[in-house]
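What follows is one structure encoded as structure tokens, with my remarks underneath.
The values are calculated or read from the model by the stated rules, or taken from the named source; none is laboratory data. Just so it is clear, the structure is predicted and the values come from calculations on it, not from any experiment. All Cβ positions, even for glycine, are placed from backbone atoms using ideal geometry, and neighbour counts span all protein chains on display.
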Amino acid sequence: MKKVLLFITKPELDKTSVEFLINNYSSKEVELELVTILNDNYSYVMSQIDKKELIKNTMPVFNKVCSILKDYKINKHVLIGANSAKEAMYFIKENNINDIILTKPNKYDISHNVFISYLVRHSDRTVFVLPKNNFNNFVEGDAEYEKNIIAY
Amino acid sequence: MKKILLPIDGTNKSLESCKYIVENFNTDNTKIYVLNVNEDFYHGFSNTGESEKANKNVLKAIDNTDNELKNFDVEKTVVTSKSAKEEIVSFAFENNIDTIVMARATKEGIKKISGSVSKYVSKFAHCPVIILP
């Protein structure tokens, strides 16, 4: 079974990634790893309580994505680290990920652009880099899933 | 009809992208654009014919894609330009390409870690980019 990594970042970017995933991977073929990375530049200062709160805040987003991808086998992960790109790389290596799906933000979102550039350059897996909501010609979507995605 | 852009530089690594296309795309509704960009750093100043020689070598490599992609509708283009990465992005935009399939880094040794072309293309292309390891 293929392992596909989907980064949960921002709703407008997640929608594109989720739509792409539904249209290109069958739920029987893949195991999904949903990952969000929380930047903690002062990791040695952050208390356990702060970390718990941060994780709590991400749960509604995870649940929304999981409700759309209810047919898929999903594992959820919250990573906390000073360098999100490096955390992602460690995760990819440790979990034997096959494919990585990423959606590009607009050009002014510098930190996310740096993150994508790092993964493209350093990961030895197949990476799908998608432009935001711009691949309608690429795949024909399932109407029911599209409704769900619009709702999300 | 899906339009797939396959940028190649003649190396074995770049030709491996053909296998990915064969395995993952349907032959009936896919058109493949094979693009080679011959980087001419002194574009406009050089008359030595070096670029023509390089083109001939790459054309041989492009012919090798024929066997792999024999069931697809293939269009081959060879371009000389100052910058391969900019040429790939503009070619994709001008031809309304739906997906770009390319290898992460085609160079050997220390240059293997660079992957600057794939990084640039993934950042600036208007369409989905599939970067193969």
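Data table
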item: Matching residues in segment A:119-144 - criterion: being surrounded by 15 or more Cβ atoms within 10 Å (Cβ to Cβ), modelled with pLDDT under 50 and at the interface with chain B (Cβ under 7 Å from one of its Cβ atoms); result: A:F135, A:F138
item: Test for A:K56: is it modelled with pLDDT under 85, within 15 Å of B:S122 (Cβ to Cβ) and surrounded by fewer than 19 Cβ atoms within 10 Å (Cβ to Cβ); result: no
item: Cβ-Cβ under 6 Å pairs, at least 6 apart or on other chains, segment B:60-77 side closer than 17 Å to B:D28 by Cβ, far side among the aromatic types (F, W, Y); result: B:E75/B:Y33
item: Sole exception among (1) under 15 Å from the mean Cα position of the chain (by Cα); (2) surrounded by fewer than 19 Cβ atoms within 10 Å (Cβ to Cβ); (3) touching a residue at least 40 places away in the same chain (Cβ under 8 Å) for A:Y72, by number; result: (2)
item: Every residue from segment A:64-111 that is over 15 Å from A:K2 (Cα atoms), at pLDDT 80 or above and of a type in the set (K, R); result: A:K64, A:K70, A:K76, A:K86, A:K104
item: Residue in segment B:45-54 that is over 22 Å from A:L130 (Cβ atoms), part of a loop (DSSP other than H, G, I, E, B) and modelled with pLDDT of 70 or more present; result: no
item: Subset of segment B:101-128 that is of a type in the set (G, A, S) and assigned to a loop (DSSP other than H, G, I, E, B) - its residue that is modelled with the highest pLDDT; result: B:A125
item: Among (1) assigned to a helix (DSSP H, G or I); (2) in contact with a helix residue (DSSP H, G or I) (Cβ under 6 Å, 6 or more places away or on another chain); (3) at pLDDT 85 or above - the single one B:F91 does not satisfy; result: (2)
